[in-house]
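To start, the structure under review is shown below, and the notes come after it.
The values are calculated or read from the model by the stated rules, or taken from the named source; none is laboratory data. Computed from a prediction, not measured in an experiment: that's the story for all the values here. Backbone-built Cβ (ideal geometry, glycine too); neighbour counts: all protein chains shown. Side chains are part of the model used for accessible areas, which takes the heavy atoms of the whole protein and leaves out ligands, DNA and RNA. Shrake-Rupley method; radii C 1.70, N 1.55, O 1.52, S 1.80 Å.
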Amino acid sequence: SRKTGFSRRQHPAIQDALNKVDVRWLKQGDEIDLEEATVEVLWPPLDYEPSNGNNSSLVLLLTLNSGQRLLFPGDMEKQVENQILDAFKPVDVMLMPHHGSKTSSTEAFVRKVRYQADQPQTVIAQTGYNNHYGFPKDEVVKRYKEVGSEIWNTARGAVEISFAEGSTHHVKQFAVYR
C-alpha cells in the first residue's frame, strides 16, 4: 500500500508467491471462456494503483450460456462506477458494490445495471450480522428498491441462486436464527 512505500504487488509475501507460481494478472478487457459461461474483466486496467485500494477491486461480468448475467463488483466506489459506466450492462443477479456502502451504488449505476424484464433483478448485500459499519446503508437499499430490485442480505443467512433454462433464476435464503 502507499502507506508502506511499495505497491501491493511488491509486498514480500506477494513476491515470494510470484517466485513459486505462474500468475496471470487480470486486467480490464480480458475475457475468460469457461465451459458454461464467459467472464469479462471490466476493471481495473493493468498496473492500476489508486490511492484508495477499494478501487483496485476486480469488477467481473459473468455471462452464462443461457444469457443470464451476474455482476461481481468487488469494493469499487463511485469513482470507478463513473469511469466505466458505459461498460455496464443490465444484469440479472449482482453483488452490491462495497457491501452496500454509501461510497458506491450511485443512482446512475443502479439505473444502468437494472435488468428490464419480468423477473426482478436480484441484488445481494454481502454483510455480517450486526456489522459495525451498518451495511448495507439504507439510502443505498432505497436506490435499488426504487428501480424494482429484490434485495437479499447475507447477514440474515446464506443466499443461494439457482438458474433455470431461459432467463429465470430462483433465490433461496438459509435463515440464521439468533
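Overview of results
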quantity	calculated
Single residue of the stretch 141-167 satisfying the filter (at pLDDT 90 or above and part of a loop (DSSP other than H, G, I, E, B)) that is least open to solvent (accessible area, probe 1.4 Å)	Ser149
Count of the stretch 168-178 residues which are of a type in the set (Phe, Trp, Tyr) and either in contact with a Gly (Cβ under 7 Å, 6 or more places away or on another chain) or part of a strand (DSSP E or B) (or both)	1
Residues satisfying the stated conditions in the stretch 86-140, i.e. without any contact (Cβ under 8 Å) to a residue 12 or more places away in the chain and part of a loop (DSSP other than H, G, I, E, B)	Asp118, His132, Gly134
Failed criterion for Arg9 (all others in (1) open to solvent by less than 70 Å² (accessible area, probe 1.4 Å); (2) in a helix (DSSP H, G or I); (3) modelled with pLDDT of 85 or more hold)	(3)
One residue from Leu95, Leu58, Leu34, Leu42 being touching a Gly at 6+ places or on another chain (Cβ under 9 Å), modelled with pLDDT of 90 or more and open to solvent by 50 Å² or more (accessible area, probe 1.4 Å)	Leu58
Failed condition for Asp75, given (1) modelled with pLDDT under 90; (2) closer than 23 Å to Ile151 by Cβ; (3) part of a loop (DSSP other than H, G, I, E, B); (4) open to solvent by less than 50 Å² (accessible area, probe 1.4 Å)	(1)
Given (1) small (Gly, Ala, Ser); (2) over 13 Å from the mean Cα position of the chain (by Cα); (3) modelled with pLDDT under 95, number of the condition Gly29 does not satisfy	(3)
Which numbered condition Val80 fails, given (1) among the hydrophobic types (A, V, I, L, M, F, W, C); (2) farther than 22 Å from Ser162 by Cα; (3) in contact with a Ser or Thr (Cβ under 9 Å, 6 or more places away or on another chain); (4) open to solvent by 10 Å² or more (accessible area, probe 1.4 Å)	(4)
